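Written out below as structure tokens is the structure these notes cover.
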Amino acid sequence: MTGVDIVETAVAAGNFNTLLAAVKAAGLADTLKGPGPFTLFAPADEAFARLYPGTIAALLKPEHKAMLRNILKYHVVKGRLMAVDILKLDSVGTVQGQSIALRVVHGEAMAESAQIIKGDIVASNGVIHVVDTVILPK
């Protein structure tokens, strides 16, 4: 474990700029800097780029803060789930309140419709798994 929290780890990685802007706009940065532990299914910048044009700009507006918080909290799980743990589970509850399905498809770990493209990025207060898609609550 490092002394660097999830937010600092994401900043250092350099490919979570949109996620970090969204976390800040939603007022969740302090939570993700907190003691945790948390598991974050973190959409990389490329995942946000796949959303319908204008979606991110709209979600970052103050009047959509609640919706943005809901979406982001759907990517966070209480506890530290390493890749080996994820492979043993069918689903996991998020801090948003709903569960996300976990499965392996053609040898690739999936969280809902998102492929986990890099796992087990360890931070002092949890772990990050990079996903290729923004997963939306049902």
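The values are calculated or read from the model by the stated rules, or taken from the named source; none is laboratory data. Given the structure is predicted, the values throughout are model-derived calculations rather than measurements. Positions of Cβ are generated from backbone atoms using ideal geometry, with glycine treated the same way; all protein chains shown enter the neighbour counts.
Go over the candidates 56, 100 one by one and state the one that is among the β-branched types (Val, Ile, Thr) and either surrounded by 18 or more Cβ atoms within 10 Å (Cβ to Cβ) or assigned to a strand (DSSP E or B) (or both). Explain how you work it out, then say what you get.
Details: 56 fails: either surrounded by 18 or more Cβ atoms within 10 Å (Cβ to Cβ) or assigned to a strand (DSSP E or B) (or both).
Of the residues listed, the single one that is among the β-branched types (Val, Ile, Thr) and either surrounded by 18 or more Cβ atoms within 10 Å (Cβ to Cβ) or assigned to a strand (DSSP E or B) (or both) is 100.
Considering only residues that are at pLDDT below 95 and either part of a loop (DSSP other than H, G, I, E, B) or touching a strand residue (DSSP E or B) at 6+ places or on another chain (Cβ under 7 Å) (or both), look in the stretch 33-53 and name the one that is surrounded by the most Cβ atoms within 10 Å (Cβ to Cβ).
36
Just to be sure before I move on: is residue 95 over 15 Å from residue 131 (Cβ atoms), touching a helix residue (DSSP H, G or I) at 6+ places or on another chain (Cβ under 8 Å), outside any strand (DSSP E or B) and in contact (Cβ under 8 Å) with a residue 12 or more places away in the chain in the structure I sent?
So residue 95 fits the description; yes.
Consider residue 8 against the criteria (1) of a type in the set (D, E, K, R); (2) touching a residue at least 40 places away in the same chain (Cβ under 8 Å); (3) surrounded by fewer than 16 Cβ atoms within 10 Å (Cβ to Cβ): it satisfies all of them except one. Which criterion is unmet?
Result: residue 8 passes all but (3).
Considering each residue of the stretch 121-138, count those that are in contact with a strand residue (DSSP E or B) (Cβ under 7 Å, 6 or more places away or on another chain) and not in a loop (DSSP other than H, G, I, E, B), and give that number. It would help to see each step written out before you state the result.
Narrowing the stretch 121-138 to residues in contact with a strand residue (DSSP E or B) (Cβ under 7 Å, 6 or more places away or on another chain): 121, 125-135.
Keeping just the survivors that are not in a loop (DSSP other than H, G, I, E, B) gives 121, 126-131.
Going through the stretch 121-138 one residue at a time, the tally reaches 7.
For residue 118, only one of the following conditions fails: (1) over 21 Å from residue 26 (Cβ atoms); (2) without any contact (Cβ under 8 Å) to a residue 40 or more places away in the chain; (3) assigned to a loop (DSSP other than H, G, I, E, B). What is its number?
Of (1) over 21 Å from residue 26 (Cβ atoms); (2) without any contact (Cβ under 8 Å) to a residue 40 or more places away in the chain; (3) assigned to a loop (DSSP other than H, G, I, E, B), only one is false for residue 118: (3).
Just to verify a result, which residue in the stretch 64-89, among those that are touching a strand residue (DSSP E or B) at 6+ places or on another chain (Cβ under 6 Å) and either loosely packed, with under 13 Cβ neighbours inside 10 Å or not β-branched (Val, Ile, Thr) (or both), is farthest from residue 38 (Cα to Cα)?
Once the filter is applied, the top-ranked residue is 89.
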